[in-house]
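K.L.:
The structure under discussion is supplied below as structure tokens; questions concerning it will follow.
The values are calculated or read from the model by the stated rules, or taken from the named source; none is laboratory data. Small disclaimer: the values here were computed from a predicted structure and weren't measured. Neighbour counts are summed over all protein chains in view; Cβ atoms, including those assigned to glycine, are modelled from backbone coordinates with ideal geometry.
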Amino acid sequence: MFEWFSEMISQVRTGKFFVLGPPLPEVEAADLNTRHGGLPDDYLEFLKTFGPGDCFRHLNRDNYHLSVFLPKESEWIPGQRGLLIGHYGDSSSGSIFFHRSKPEAPYEDAVYCFIGNRLSKANASFSEWLRKRCTLAKARYREKEWRQILAGPPPFDEREIKIVNAIKGYKWKVVGTTDDEAFVFEVFNGSSITLPYLTIGVNVKNRFSNWYWWLPVQDVQPGETKRVVLPYYKSIARPEQIEFFQKAPPGPEDRPYYKEFQPLKDTT
């Protein structure tokens, strides 16, 4: 059913362009189907083959054009319920749902989205939605960009390897907030160079996960521990909703998203 999707993934040599899995074991898929009172066969087949995940990474920011989720009951608009199973694009209207006419009925094959305050049919099936959105997502990349995505990025050069090793030497922790609710970090530079920024992971409760912010660390010299203030957009969330985490060291495919690769100072 999804041979075309497997073929597309196999052609791409850029890491993290598709982040899928793990595939859902048969027993877990059957349990999921039972718990939700009947899910469309094509959606379950996708989860068993690929698992949930993200597809078509942006080239200028570290998120994805298309996502497939494990099912989650959602009341997107008061009185309008659906089973959230995926998303396409950059706006909330890109979220898609399964719908059923009665609580005891199985979910329809069709996928729905919210237009205004109304749940509206988007496609006749999950597989149709996926194929059409993959076509749209691919069209977002220029021909030259797509060739580069297929070929994969060049390996790190000597300078970039030094930066990656420096990232591993930095340690940080949140130690409080300022009066205007900016975050205060304690940062230790255990490397031999000074980086301009340190990319850190961000989760926002009930909003989004695996996001990132750049911590300005250009004033933290090798061997020093200093406090660094990180302002944030208050429209995003309250401070107590925000959780920071250590991101894995970048690979060559992560160059566009890490400000660490900007010009740096070398103390050696």
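K.L.:
Restricting attention to strands (runs of 3 or more DSSP E) lying wholly within segment 186-268, give those where 1 or more residues are touching a Leu at 6+ places or on another chain (Cβ under 7 Å) and either more than 21 Å from G53 (Cα to Cα) or modelled with pLDDT of 95 or more (or both).
P.N.:
In segment 186-268, 197-204, 208-216, 225-230 are the strands (runs of 3 or more DSSP E) which contain 1 or more residues that are touching a Leu at 6+ places or on another chain (Cβ under 7 Å) and either more than 21 Å from G53 (Cα to Cα) or modelled with pLDDT of 95 or more (or both).
K.L.:
Hey, another quick one. For residues in segment 157-191 being small (G, A, S) and over 14 Å from I242 (Cα atoms), which is surrounded by the most Cβ atoms within 10 Å (Cβ to Cβ)?
P.N.:
Going through the qualifying residues, I end up with A166.
K.L.:
From F56, F46, which residue is closer than 18 Å to C134 by Cα, part of a strand (DSSP E or B) and either touching a Phe, Trp or Tyr at 6+ places or on another chain (Cβ under 8 Å) or modelled with pLDDT of 95 or more (or both)?
P.N.:
F56
K.L.:
From the list L66, L59, exactly one residue is assigned by TED's automatic domain parsing to the domain that holds K132, under 22 Å from the mean Cα position of the chain (by Cα) and within 30 Å of P103 (Cβ to Cβ). Which is it?
P.N.:
L66
K.L.:
Out of all the residues in segment 2-40, which are more than 29 Å from E253 (Cβ to Cβ) and touching a residue at least 40 places away in the same chain (Cβ under 8 Å)?
P.N.:
Across segment 2-40, the qualifying residues are H36, G37, G38, L39, P40.
K.L.:
Residues being out of contact with any Lys or Arg (no Cβ under 8 Å at 6 or more places or on another chain) and not in a loop (DSSP other than H, G, I, E, B): count how many of those fall in segment 24-39.
P.N.:
8
K.L.:
In segment 96-113, which residue that is aliphatic (A, V, I, L, M) and under 16 Å from K132 (Cα atoms) is surrounded by the fewest Cβ atoms within 10 Å (Cβ to Cβ)?
P.N.:
Within segment 96-113, the match that is surrounded by the fewest Cβ atoms within 10 Å (Cβ to Cβ) is A110.
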